[in-house]
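**Q** Take a look at this one; I'll ask things after.
The values are calculated or read from the model by the stated rules, or taken from the named source; none is laboratory data. Since the structure is predicted, the reported quantities are computational estimates derived from the model, not experimental observations. For neighbour counting, all protein chains shown are included, and Cβ atoms are generated from backbone atoms with ideal geometry for every residue, glycine included.
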Amino acid sequence: MKRLFRLLLPLVALVLAAAIVLAAAIGDATAQQKPYSPSLGDLMTMTVQPRHTKLGLAAREGNWPYAAYELHELKEAFDRAAKAWPKWRTFSISEMMASVTKEPMAALDQAIKAAASGRVTTAYEQLTAACNTCHRSADRGVIVIQSPLASAFPDQDFRPVKE
Ligand code: HEC
């Protein structure tokens, strides 16, 4: 019995030590958990860029009800990004956002409501130019946005819904 105990003792000690290390690790992980706070670049990639792409694809298909919906989503994505990052480095994102996007967004809204294909294309190009104006002004001229060349969303149909 004594021998068995002596044999098992190191094993028990090992299991105990492992449990202590594990508990400490779990404690650390819980203590370090902070709410996820995306960078401005994350928000652009996650929320602004896909809306811009989808809007372009819908406009190309003449899908005005969906284009109107997606324009609204883009507006909200801009607003939320500016709210989360009113200031980014030395730049006032909220001011720049308003000054560069307001006009092309309004022109696009009008053109979509009028279902005027040519005007939508022009306004969309102006909006895309606004993305790049801000990137250049914020010293991020390497980020160049263009009209989508292809759909990045193969599981979504951008054609108008047939009634
Ligand atoms: C008010 C200024 C502003 C406007 C308007 C703006 N951006 Fe940005 N964008 C930035 C800044 C600043 C960064 C860099 C942020 C960073 O590095 O964290 C950025 C980053 C990005 C990125 C990440 C780059 C990458 O490849 O990882 C994408 C994509 C992007 N923007 C897309 C767009 C699109 C599309 C539009 C227009 C529909 C747009 N942005 C309009 C300021 C702007």
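Here is a yes/no grid of residues against (1) touching a helix residue (DSSP H, G or I) at 6+ places or on another chain (Cβ under 6 Å); (2) part of a loop (DSSP other than H, G, I, E, B); (3) assigned by TED's automatic domain parsing to the domain that holds Ala107; (4) surrounded by 12 or more Cβ atoms within 10 Å (Cβ to Cβ):
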| position | (1), (2), (3), (4) |
| --- | --- |
| Asn132 | no, no, yes, yes |
| Leu149 | no, yes, no, no |
| Pro154 | no, yes, no, no |
| Phe158 | yes, yes, no, yes |
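**Q** Related question: Just checking, which of Ala116, Ala84, Ala106 is of a type in the set (A, V, I, L, M) and either over 30 Å from Glu163 (Cβ atoms) or surrounded by 15 or more Cβ atoms within 10 Å (Cβ to Cβ) (or both)? First the steps, then the outcome.
**A** Numbers: Ala116 fails: either over 30 Å from Glu163 (Cβ atoms) or surrounded by 15 or more Cβ atoms within 10 Å (Cβ to Cβ) (or both); Ala106 fails: either over 30 Å from Glu163 (Cβ atoms) or surrounded by 15 or more Cβ atoms within 10 Å (Cβ to Cβ) (or both).
Every option except Ala84 fails the conditions.
**Q** While we're looking at this one, here's another question. So, of the residues in region 66-83 that are more than 11 Å from the ligand (Cβ to nearest atom) and among the aliphatic types (A, V, I, L, M), which turns out to be nearest to Asp109 (Cα to Cα)?
**A** The qualifying residue nearest to Asp109 (Cα to Cα) is Ala68.
**Q** Something else now. Tell me, which helices (runs of 4 or more DSSP H) lie completely within region 1-94 with 3 or more residues that are at pLDDT below 95?
**A** Fully inside region 1-94 and qualifying: 2-32.
**Q** Looking only at residues that are of a type in the set (Ser, Thr, Tyr) and out of contact with any Pro (no Cβ under 9 Å at 6 or more places or on another chain) in region 110-151, which one is farthest from the ligand (Cβ to nearest atom)?
**A** That would be Ser117.
**Q** Within region 34-60, count every residue that is more than 10 Å from the chain's Cα centre (by Cα) and more than 20 Å from Gln126 (Cβ to Cβ).
**A** 4
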